1. Relative to the present Cα-Cα distance, how much length would full extension add between Glu93 and Gln121 at 0.36 nm per residue of separation?
2. Compute the Kirkwood hydrodynamic radius of region 176-267, taking the inverse of the mean of 1/r over all pairs of distinct Cα atoms, and give it in Å to one decimal.
3. Using the Cα atoms of region 94-218 to build a convex hull, what is its mean projected area in square nanometres?
4. Could I have the simple spin-label model distance between Ala240 and Ser104, label points 7 Å from Cα toward Cβ, reported in nm to one decimal?
5. Over 22 Å between Cα atoms, which of Lys211/Lys231; Lys69/Lys158; Lys112/Lys158 qualify?
6. Note the angle between two axes, namely the Cα long axis of helix 109-127 and the longest principal axis of the Cα atoms of the chain, as a number of degrees from 0 to 90, rounded to the nearest 10.
7. When the Cα centres of region 220-267 and region 125-200 are compared, how far apart do they sit, in Å?
8. Return, ordered by residue number, the residues of region 62-89 whose backbone nitrogen is under 17 Å from a label point located 7 Å along Cα→Cβ of Ser129.
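The values are calculated or read from the model by the stated rules, or taken from the named source; none is laboratory data. As the structure is a computational prediction, the values presented were derived from the model and not from experiment. Heads up, the Cβs are rebuilt from the backbone with ideal geometry, glycines too, and the neighbour counts pull from every protein chain shown. Calculation scope for accessible area: heavy atoms of the full protein, side chains included, ligands and nucleic acids excluded. Shrake-Rupley method; radii C 1.70, N 1.55, O 1.52, S 1.80 Å.
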Amino acid sequence: MPDDEPAENISGGDAGGGQATIFETGKAETRAEAVVDRLGELYWQKTYGGQDAFESLVRTILSQNTSDKASQPAHDSLMERYGSGDLVANLAEADQQRLAETISSAGLYNQKSERIVAIAQRIRETYGSEAAFDAFIREGDVDEVRESLLEYNGVGPKTADCVLLFSGGQDGVFPVDTHVHRIARRLGVAPPDADHETVREHLERDVPGEKCGFGHTAMIQFGREYCTARKPACLDDPEACPMADRCDQVGVDTVDGAVVDPAESAK
Ligand code: SF4
């Protein structure tokens with residue numbers, strides 16, 4: 001980690017992995033790239049990769065329908081009991097009831113333990129080991145990796161894309177969470193009524209591959225600091241947002257102070 005890392009790390013802290021980097025800015029060919037370049041002027045730039053892919057999947061399943069606060073102890077207990085050696089092999093052979101007890105603090109522990117054991121068994125069957133699975137995530141064709149991950153029960157598009165990015169370090173992957181979905185449509189770099197997949201397609205088409213991962217994490221931080229769901233910074237003060245000159249403000253009415261989902265404003 002470099003000395004100049006800011007206190008708030010857009011990658012989500014040490015678990016984010018990856019390395020500091022500098023992107024070339026100022027020659028954007030699309031509006032979406034210009035937006036990511038502006039985010040690059042605001043935030044610390046970083047490339048990603050390096051997390052263990054299977055552990056990321058396990059973490060995601062544990063966190064479903066619960067808070068990070070509740071799922072973290074479950075993750076810690078699971079790693080303490082099954083984390084030594086090959087996690088895939090250990091969980092493929094785990095007694096499901098015992099695993100359920102281990103992760104009980106995360107809630108829905110029967111369903112979650114079933115899913116974890118089933119995924120571990122399929123990964124072991126297909127790839128043989130945790131290391132081989134990691135290599136597939138890192139080196140496999142992006143579309144093929146995404147399709148394979150989506151076949152697992154409990155893995156949706158956002159999880160698959162985050163594994164591709166944070167574990168595989170794959171270029172050209174722009175995961176779309178609720179912040180990215182909202183901001184891309186407010187800015188006007190994706191159609192107002194686009195669903196998550198359509199926003200992802202627009203961003204991955206318009207943002208150069210090496211800037212996608214940074215664009216994802218930086219847009220989330222921007223969504224928390226400036227372009228929040230209910231009270232975007234421009235609502236009271238048009239000059240309060242550093243992105244104002246690049247934004248169509250779709251769904252944000254600064255005259256009467258109303259904020260609606262961009263899809264509503266298109267009607
Ligand atoms: S100008 Fe307003 S709507 Fe546009 S990005 Fe900034 S805060 Fe969000």
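1. Roughly 9.3 nm would be gained on extension.
2. 13.2
3. Values: hull surface 34.9 nm².
That works out to 8.7 nm².
4. 4.7
5. Long pairs (Cα-Cα over 22 Å): Lys211/Lys231.
6. Between helix and principal axis, roughly 80 degrees.
7. Cα centroid to Cα centroid, the span is 26 Å.
8. Taking a point 7 Å out along Cα→Cβ of Ser129, the residues of region 62-89 whose backbone N falls under 17 Å are 83-89.
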